[in-house]
1. Going by the structure shown, is Leu70 out of contact with any strand residue (DSSP E or B) (no Cβ under 8 Å at 6 or more places or on another chain), part of a helix (DSSP H, G or I) and loosely packed, with under 13 Cβ neighbours inside 10 Å?
2. Among the residues of segment 84-100, write down those that are of a type outside the set (Phe, Trp, Tyr) and within 14 Å of the chain's Cα centre (by Cα).
3. Being closer than 14 Å to Lys168 by Cα and free of Cβ contacts under 8 Å to residues at least 40 places away in the same chain narrows it down to one residue among Phe89, Phe96, Phe118; which is it?
4. Going through segment 89-130 one residue at a time, which ones are of a type in the set (Ser, Thr, Tyr) and assigned to a helix (DSSP H, G or I)?
5. Report every pair of residues separated by at least 6 positions or lying on different chains whose Cβ atoms are under 9 Å apart, first residue within segment 130-150 and within 16 Å of Trp164 (Cβ to Cβ), second of a type in the set (D, E, K, R) and not in a helix (DSSP H, G or I).
6. For segment 99-112, name all the residues that are more than 14 Å from Met140 (Cα to Cα) and either surrounded by 22 or more Cβ atoms within 10 Å (Cβ to Cβ) or modelled with pLDDT of 95 or more (or both).
7. Please enumerate the residues belonging to segment 121-148 that are of a type in the set (Phe, Trp, Tyr) and surrounded by 12 or more Cβ atoms within 10 Å (Cβ to Cβ).
Amino acid sequence: MAYGPPPSPGRGQQPGRQPQQAPWQQPGNAWQQPRQQPGAAWQQPQQGGRTAQMPGHYGPVSHDDRTWSLMAYVGQFLVGAVAPAIVFFGKPGSPFVRRHAAQGLNMGIAAITVWFVFGPLSLLVDFFIWVPLLFTAAVMFFLVYAGRAANRGEFRRVPAVVAWPILK
């Protein structure tokens, strides 16, 4: 099965001589089968052979968009809400990245707010220290949860209790 014309010889190669290929690059090998696009599992066939995509999915996602959206979540472990803010304003052209960055920024704003409210209250009543600690644990769990989905080219909605719907 040929995917296109053979490559033209480069500088220093003879026209009739093909470069040596590794065994996994040989024609007909399973390694060369076309890969399924991420998100193709979301597509469902309709009448007439056309496909419909699930709402909230933006089609094929580039590796650059995956990386940017993953950094909206992973960066929070290092610099807090600054990382998703950089992604949100640094890559506004991609709706996929913008959606992930908005969700990450909403989680960061919620965590900062909970710490600013319950941190001083915990000085008065010792029990209140558990609220920001448990909330931070939930935020970290959902950062990993949403980050894994972003790396696969998907979107997973975080519950509104953890990611307050401030930015869209």
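The values are calculated or read from the model by the stated rules, or taken from the named source; none is laboratory data. Values in this document were obtained by computation on a predicted structure and should not be read as measured data. Cβ placement follows ideal geometry from the backbone for every residue including glycine, while neighbour counts extend to all protein chains displayed.
1. no
2. So the first thing to find is which residues in segment 84-100 are of a type outside the set (Phe, Trp, Tyr), and the list is 84-87, 90-95, 97-100.
Across segment 84-100, the qualifying residues are Pro84, Val87, Lys91, Ser94, Pro95, Val97, Arg98, Arg99, His100.
3. Step by step, each of Phe89, Phe96, Phe118 is checked, and only Phe89 is closer than 14 Å to Lys168 by Cα and free of Cβ contacts under 8 Å to residues at least 40 places away in the same chain.
4. Start the filter on segment 89-130 by keeping residues that are of a type in the set (Ser, Thr, Tyr), which leaves 94, 113, 122.
Selection gives Thr113, Ser122.
5. Phe142/Arg156; Ala146/Arg156; Ala146/Arg157
6. Selection gives His100, Ala101.
7. Selection gives Phe128, Phe135, Phe141, Phe142, Tyr145.
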